[in-house]
Amino acid sequence: MRIGVFICHCGSNIAGTVDCESVAELASGFPEVVYSTDSMYTCSEPGQEGIITAIHEQKLDGVVVASCTPRMHEPTFRRAVERAGLNRYMFEMANIREHVSWIGKDKEHNTNKAADLVLMAVEKLRRNRPLVPKSFETIKRVLVIGGGVAGIQAALDCADGGLDVVMVERDQSIGGKMAKLDKTFPTIDCSSCVLGPKMVDIAQHEKITLHTCAEIEAVSGYVGNFSVTIRRRATYVDWTKCTGCGVCTEKCPSKRSPDVFNEFMGTTTAINIPFPQAIPKKAAINPATCTMIQKGKCGVCAKVCPVGCIDYEQQDELINVDVGAIVVATGYDLFDWHKYPQYGEGRYPDVITSLQYERLLSASGPTGGHIKRPSDGKEPKNVVFIQCVGSRDRSVDRPYCSGFCCMYTAKQAILTKDHIPDSQSYVFYMDIRAPGKGYDEFTRRAMEEYGAQYVRGRVAMIYPHGEQLMVRGADTLAGTQVEVPADLVVLATGVEAAQGAVKLGETLRVVPDQYGFFVESHPKLKPVETNTAGVYLAGACQGPKDIPTSVGQGSAAAAKALGLLSKERLESDPAVSKVNLSRCVGCQKCIGTCPFGAIKAITDRQGKLKAEVIETVCQGCGICTVTCPQGAIQLEHFTDNQILAEVNALCPPKMNASFE
Amino acid sequence: MPAQDERELRIVGFLCNWCSYGGADTAGVARFTQPTDLRIIRVPCSGRIDPLFVVRALLNGADGVLVSGCHPRDCHYAEGNFYARRRLEMLKRFLPITGIDERRFEYTWVSASEGQRWQHVVTEFTRRIHELGPAQSFNPATQEEWFNLALNEASKGEACACHGS
Amino acid sequence: MAKIAYYPGCSGQSTSLEYDLSTRAVCRALGIELVDIEDWSCCGSTPAHTVNHVLSAALSARNLALVEQQGMDTVTTPCPSCLSNLRTAAHKMEDASFRDQANALLDTPCTTKIETLSVLQVIAEQVDAETIRAKVVRPLTGLKVACYYGCIMNRPPALMQFDNHENPMAMDKLMGLLGAEVVPYPLKVECCGASFGVPRVDIVTRLAGKLLDAGRDLDADAFVTACPLCQMNLDMRQGQINTALKENFRIPIFYYTQLLGYALGIDDKELKFNKLCVNPRPVFKKLSELKEAAQAG
Amino acid sequence: MSQLEELKAAIRGHLDSLDCVIGWEQGYDPLHATPLFIRNESDLERLSISPLAVHNPATYATGFAGKKIGMVVRGCHSRSIIELLNEKLIERENVVLFGLCCDGVVSQRKIRTALPADPGFVEAVEIGDDALHITLAGEKTTIKLQDVLADKCRICAYPDPLLADVLIGNKHDSRPEETLACQEAFEAKPNAEKFTFWQDTMSRCIRCYACRNVCPMCVCQDYCIAASRDPLWMSQENSPAENFMFQMIHVSHLTGRCTECGECERACPVDIPLMLLRRYMNKQVQEVFGHQAGTSLDKTPPLLTFQVEEARIKERDW
């Protein structure tokens, strides 16, 4: 090889504590180094030109630059050597700034260390080989998992951008948590008026295919070419015929089905359309409470249905679809507040969650928008709100802030006053977190204009006192204990990862954090990407988020998907694992340890089992290389030989003197 | 600045690209002073680190080997450090039977944001290695020693009590 | 039934003599053999640990060491305060350096971990429900009782490891077995004012008054308690409470062992109903009236 | 019927459906056994199952890939088979296991020491219930079996095959010695002594690879990284460090997979006590993962899987 070495001064950043000239001089004696120099700013335009000129003039076939961290300028220099006609992988970097000049002032030691690092880079480079990325076609279709507001936004943006969209929703209707809300902060505008039109757009957009009552069964493939299996649960209603007329729901005699949409604040019929604005507006039978399905008697809905769409024999259906990108928008679920013994563990019917309260406030809710407490249907006068129920509490393993409870509690206090002018709201809070646009002003309005009494402290106990509940807590500002008689207690229940998120994460190879929220690629710079290429996150599945942020993230995820699939072909990073077929004994251990399913078993011409890497799926971690005892599968650019060369450069083996 | 005395020792570091290498960069950007003995080999993931790399370095005469990866659960590749943790723990536990001081090898987790922690890890590990002093070479250093070794072994009978009885 | 060491506690020798005696009688009837700790001493109660944790632990550990010497590994006590001290001492002495400090104060060091259980826990966990039901000869059918556990019976939960600390049910279940109608008493684990009885009677009357008030709201005929101090504050001070709050409470306050003993048919003399300040006779009158009515009907 | 006859009958019943059955026969002299590959009735007559029959037939199992074979296995051999099955290196339907409840096998090294002179060729060996009567140069020496029992048998916890299609002999219920004194003594030595010991010992290694070739778990066939140029893990130089590197490769690749059959140590021509390394590693695996290779089916070797929370790995918090 003919290797060129370029030592960068980085102004005085490196040259201040490293003798760059001597490093360059030492490097000229390293194996296969034919050219060695130092320059002021190697990454600058003249610096890069210097490299290109040297490659041409010295006929270099490999370049080492000793400068800053490769995490900074490796792509820059790779492009430079590529401009000079070299393969970009025939380039190595030695980090003599962050790892040398900036962390010590002893020039002699620094100079030695810099020279060692250059030697390591040279020794590795001697074992590099040109690598060429593979390109492949992409499927111009996006899968959106979850039909809440984040998923809806992502789906509409993708579809408007010209991509086909497949939306999968676990519930019977899209709309998610937002569809259950009465009004939204800080504008107090009607939730369904904002969301409704977008839901209709989903149903009507020609590029969007919607599957509700459906979940992801399996995902295989890789960025640009995922293959997805969707399981659609039996609804016992043929939706191609159902018009959503609702006659069946009026006539169904089994009226004791749990009303999921209304957060169990009442019951509904076994055949049901969850709410008037449901999309799709189709009926579905709850098999657990349908007497026809359970006992074989009834059949009323089939008799009254004008289009004959009832099918008690319907089975689950598996749908296969190929997509190029996936947007995960599975949202959140509420913390199970029954874990707190001090709130009565469910013994008191008038202790409800904030989402249940939304249903009581909603005109389409079980009480028609009149606030009636569950125990006796009376209108409450004193309403106590307790914040941080399952948020910021290590004792229940929920140390994080759920983010939007402060805001919706203020909103609910305001709405309570609107509904019942002679009511009084009390809010037990820890801190008020209102960092959005117009948010703090909003909480102030709740206190100042609507007279909500904010008490800073935790609630220690709720106990019945006559027809009321007594709420005892601390007022930490007054330094005293307070007891507030309440007709209704609303718990600002915290947010936790949606049920099944961890399992879905396994299917998608997206890692959940310890609370089940999906981990983004970078907390600041890649907030909607995941470490699995082609899978993006939107909304609360990544962490608690309010509506504007969820919508923003939905659009961001859509932009990422659109950007990805706007290219005709994608290139894969060639620094992936490669099997030396002659060394592979087909033990398949690598297949088992690969976190990405990027290795498959094949049979060679002699009928022997071998491993094969799917280059576009491999992410280049190298777990397989360590797994393989024969060293038959090697991670390109980080092969055993390359790493061993670095080790041997640092610690030369002591040979038997007589052999030297 | 070497850790304690003027003489540098040979410490090899294997760092994953995503977390610990970034952590070392962060420490550099923040100008956190560190001993100079350590030389870092960048690998994509701690799951790429074959315990045999560590063995190779130690048998080649490294005075210390430090491995650092992403904190468990934070692996860029989801699972690499989980495999690494098992492999490296077994190596560390195995070293005592070889007579190589297991304190010469350490593995830990440093994230890309933990510049200060990286400084602490490097400083402490380097201090430890200096306390242990230069490692004894597995191969004899001089011609004479090679010769003596050959003589020793020729004069020896059974190697272990297991085989005597 | 296995033998178990018994630590009566100081109250059991005086203000709550009836608790001690009824406990012994009930255990005998249920086949629990209590073995008194010989030469037991005060557990340190509330004053000791406010002064010195090591000394406080040593006071309790002395008793634990005696249990160990008598060749047993479990001790039971009716008093929640003693229970708290004994369990705290045993827990703290799991730390070696603390144990050495405490043992240095003792002639007989405590070396093994002695488990302390409340008598209530022993009955709840070691006697099965059917056995108790079968032994009931004077059922409490129709009697409305409020079970009041007091604040330290199950707290701190990590130390006590028994029942729900916010909504304990052990006494409720036990009274239910005897046929009583247990009202859903919400203030089961409230503070009665405890040892403020001497320095700040006003606090006790306010807090204990609230307890009685909640019981009256639920139409309770009687309270059952498991703590000598709670019982004293509710029973002996009921007159003071009435004066201070301008109330007219007349609610008998039993130890749960007394009502249990009654139901099991133990002689009233052993149960010492005559030690109670608020006359319990209306309760027994109601019971006999209900019984007659049932027989007539 | 003797155990041998019982075994022969069992093998005879399967012979038609199998490519071959691996057992043992007498080797170059009556003191030494050698593996026997039984393909027909006449081969079967040479079958021997005396305590001299030590070789682990599992070593050959992967070489018969795709063929259906039988193997006569002792307890430790069955562990190797189970491990190979768990790693899907052989298929259950392709092996028929004739299990022997094993009373232990001999160590030729110990016999060599116990005999008055270098054995050379032994004329006759008579195997009694608890002793060997060896005729050497016309003279008869009696050695108690207990005295020449292989170390692995002294501490064997699984004398009876853990997996067998046919089981011959009586099951054991006695507990063996739990540890070997010499193993413990070596482990307790200071680092410097252990270091020098391996330096000296490794200078003796001739890198013949017998330990590797005889290892039932060494399945890399001709592709061992100790003898390849790509990847180039080690040079061919004969130095203590390179020789030890080879042993470390072997240990590393056996982590959580070694079934302690002792073949490596038995095969070593220069008496390197390799089992010191194996037993120590196995102990660590047992402590950390609660795993003993080849003791139950459907267990993944611990280094090929992980737990998100490792109960017994302390995260080093510095």
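Six or more apart or on different chains, Cβ under 8 Å: which pairs go from a residue in region C:78-91 that's within 12 Å of residue C:42 (Cα to Cα) and assigned to a helix (DSSP H, G or I) to one that's among the aromatic types (Phe, Trp, Tyr) and modelled with pLDDT of 95 or more? Could you list them? Sorted first by the residue in region C:78-91, then by its partner, the pairs are C:82/C:7; C:86/C:7. Of the residues that make up region D:193-200, is at least one in a loop (DSSP other than H, G, I, E, B) and either surrounded by fewer than 21 Cβ atoms within 10 Å (Cβ to Cβ) or among the charged types (D, E, K, R) (or both)? Looking for residues that are in a loop (DSSP other than H, G, I, E, B) and either surrounded by fewer than 21 Cβ atoms within 10 Å (Cβ to Cβ) or among the charged types (D, E, K, R) (or both), one finds none in region D:193-200, hence no.
Residues checked against (1) closer than 22 Å to residue B:50 by Cα; (2) at the interface with another protein chain (Cβ under 9 Å from one of its Cβ atoms):
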| position | (1), (2) |
| --- | --- |
| B:77 | yes, yes |
| B:80 | yes, yes |
| B:83 | yes, yes |
| B:87 | yes, yes |
| B:91 | yes, yes |
| B:101 | yes, yes |
| B:105 | yes, no |
| B:109 | yes, yes |
| B:139 | no, yes |
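What single numbered condition from (1) part of a loop (DSSP other than H, G, I, E, B); (2) in contact (Cβ under 8 Å) with a residue 24 or more places away in the chain fails to hold for residue C:248? With (1) part of a loop (DSSP other than H, G, I, E, B); (2) in contact (Cβ under 8 Å) with a residue 24 or more places away in the chain applied to residue C:248, the lone miss is (2).
The set of residues in region A:254-310 being over 31 Å from the mean Cα position of the chain (by Cα) and either within 16 Å of residue A:240 (Cα to Cα) or of a type in the set (Asp, Glu) (or both) consists of A:283, A:285, A:302, A:305, A:306, A:307, A:308, A:309, A:310. For region A:520-532, which residues satisfy the criterion of being crowded, with 20+ Cβ neighbours inside 10 Å and either over 10 Å from the mean Cα position of the chain (by Cα) or modelled with pLDDT under 85 (or both)? Selection gives A:531, A:532. Residues that are free of Cβ contacts under 8 Å to residues at least 40 places away in the same chain and not aromatic (Phe, Trp, Tyr) are absent from region D:255-272 altogether.
Matching residues to (1) among the aromatic types (Phe, Trp, Tyr); (2) in the same structural domain as residue A:176 (by TED's automatic domain parsing); (3) closer than 21 Å to residue A:318 by Cα; (4) surrounded by 20 or more Cβ atoms within 10 Å (Cβ to Cβ):
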position: A:209; (1), (2), (3), (4): no, yes, yes, no
position: A:227; (1), (2), (3), (4): no, yes, yes, no
position: A:240; (1), (2), (3), (4): no, no, yes, no
position: A:285; (1), (2), (3), (4): no, no, yes, yes
position: A:295; (1), (2), (3), (4): no, no, no, no
position: A:298; (1), (2), (3), (4): no, no, no, no
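Which members of region A:506-519 meet the condition of being surrounded by fewer than 17 Cβ atoms within 10 Å (Cβ to Cβ) and on the phi > 0 side of the Ramachandran plot? Those that are surrounded by fewer than 17 Cβ atoms within 10 Å (Cβ to Cβ) and on the phi > 0 side of the Ramachandran plot: none in region A:506-519. Here residue C:192 passes the criteria (1) part of a helix (DSSP H, G or I); (2) under 28 Å from residue C:21 (Cβ atoms) except the one numbered (1).
Within region A:375-395, can one find any residue that is outside any loop (DSSP other than H, G, I, E, B) and surrounded by fewer than 15 Cβ atoms within 10 Å (Cβ to Cβ)?
Step one: of region A:375-395, the residues outside any loop (DSSP other than H, G, I, E, B) are A:382-389, A:393-395.
Restricting the remaining residues to those that are surrounded by fewer than 15 Cβ atoms within 10 Å (Cβ to Cβ) gives A:394-395.
Yes, the conditions are met somewhere in region A:375-395.
Of everything listed in (1) touching a helix residue (DSSP H, G or I) at 6+ places or on another chain (Cβ under 6 Å); (2) in the same structural domain as residue C:171 (by TED's automatic domain parsing); (3) not small (Gly, Ala, Ser), the single unmet condition for residue C:98 is (2).
Out of the helices (runs of 4 or more DSSP H) lying entirely within region D:201-318, which hold 3 or more residues that are within 14 Å of chain A (Cβ to nearest Cβ), touching a Pro at 6+ places or on another chain (Cβ under 9 Å) and closer than 21 Å to residue B:55 by Cα?
On the way: elements: D:210-214, D:240-254, D:263-267, D:275-289.
Of the helices (runs of 4 or more DSSP H) lying wholly inside region D:201-318, those with at least 3 residues that are within 14 Å of chain A (Cβ to nearest Cβ), touching a Pro at 6+ places or on another chain (Cβ under 9 Å) and closer than 21 Å to residue B:55 by Cα span D:240-254.
For the structure I just gave you, tell me whether residue B:125 is at the interface with chain D (Cβ under 9 Å from one of its Cβ atoms), assigned to a helix (DSSP H, G or I) and either at pLDDT 95 or above or loosely packed, with under 15 Cβ neighbours inside 10 Å (or both). Against the criterion (at the interface with chain D (Cβ under 9 Å from one of its Cβ atoms), assigned to a helix (DSSP H, G or I) and either at pLDDT 95 or above or loosely packed, with under 15 Cβ neighbours inside 10 Å (or both)), residue B:125 qualifies.
For region D:173-184, indicate whether the set of residues that are charged (D, E, K, R), within 15 Å of the chain's Cα centre (by Cα) and more than 10 Å from chain B (Cβ to nearest Cβ) is non-empty. No: zero hits.
Of all residues in region D:151-192, those that are of a type in the set (Phe, Trp, Tyr) and either closer than 16 Å to residue D:277 by Cβ or surrounded by fewer than 15 Cβ atoms within 10 Å (Cβ to Cβ) (or both) total 1. Restricting attention to region A:456-505, the residues that are free of Cβ contacts under 8 Å to residues at least 40 places away in the same chain and hydrophobic (A, V, I, L, M, F, W, C) total 6. Looking at region C:107-130, can you tell me whether even one residue there is within 13 Å of chain A (Cβ to nearest Cβ) and either polar (S, T, N, Q) or buried (at least 18 other Cβ atoms within 10 Å of the Cβ) (or both)? Taking every residue of region C:107-130 in turn, none turns out to be within 13 Å of chain A (Cβ to nearest Cβ) and either polar (S, T, N, Q) or buried (at least 18 other Cβ atoms within 10 Å of the Cβ) (or both).
Restricting D:85, D:97 to those that are buried (at least 18 other Cβ atoms within 10 Å of the Cβ), in a helix (DSSP H, G or I) and in the same structural domain as residue D:4 (by TED's automatic domain parsing) reduces the list to D:85. The set of residues in region A:53-85 that are surrounded by fewer than 22 Cβ atoms within 10 Å (Cβ to Cβ), more than 42 Å from the chain's Cα centre (by Cα) and β-branched (Val, Ile, Thr) contains only A:53.
Okay, residues lined up against (1) at pLDDT below 95; (2) more than 14 Å from chain B (Cβ to nearest Cβ); (3) surrounded by fewer than 22 Cβ atoms within 10 Å (Cβ to Cβ):
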{"position": "A:554", "(1), (2), (3)": "no, yes, no"}
{"position": "A:567", "(1), (2), (3)": "yes, yes, yes"}
{"position": "A:570", "(1), (2), (3)": "yes, yes, yes"}
{"position": "A:577", "(1), (2), (3)": "no, no, no"}
{"position": "A:587", "(1), (2), (3)": "yes, yes, yes"}
{"position": "A:597", "(1), (2), (3)": "yes, no, yes"}
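Out of D:15, D:36, I need the residue that is in a strand (DSSP E or B) and within 14 Å of residue D:98 (Cβ to Cβ). Which one? None of the other options fit; the residue is D:36. Scanning region B:66-95 for residues that are closer than 24 Å to residue D:277 by Cβ and among the aromatic types (Phe, Trp, Tyr) returns B:83, B:94. Residues of region D:38-75 that are within 30 Å of residue D:118 (Cα to Cα) and not charged (D, E, K, R): D:47, D:48, D:49, D:50, D:51, D:52, D:53, D:54, D:55, D:56, D:57, D:59. Filtered by the rule that a residue be within 14 Å of another protein chain (Cβ to nearest Cβ) and of a type in the set (D, E, K, R), region A:515-552 gives A:520, A:524, A:526, A:529. Could you check, for region D:285-300, whether at least one of its residues is of a type in the set (A, V, I, L, M) and in contact (Cβ under 8 Å) with a residue 40 or more places away in the chain? Looking for residues that are of a type in the set (A, V, I, L, M) and in contact (Cβ under 8 Å) with a residue 40 or more places away in the chain, one finds at least one in region D:285-300, hence yes. The C-beta contact set for region A:106-129 (first residue without any contact (Cβ under 8 Å) to a residue 60 or more places away in the chain, second residue surrounded by fewer than 21 Cβ atoms within 10 Å (Cβ to Cβ) and of a type outside the set (Asp, Glu), distance under 7 angstrom, 6+ apart or interchain) comprises A:109/B:1; A:109/B:2.
The values are calculated or read from the model by the stated rules, or taken from the named source; none is laboratory data. It should be emphasised that the depicted structure is a prediction, and the values quoted were computed from it without experimental measurement. Backbone-built Cβ (ideal geometry, glycine too); neighbour counts: all protein chains shown.
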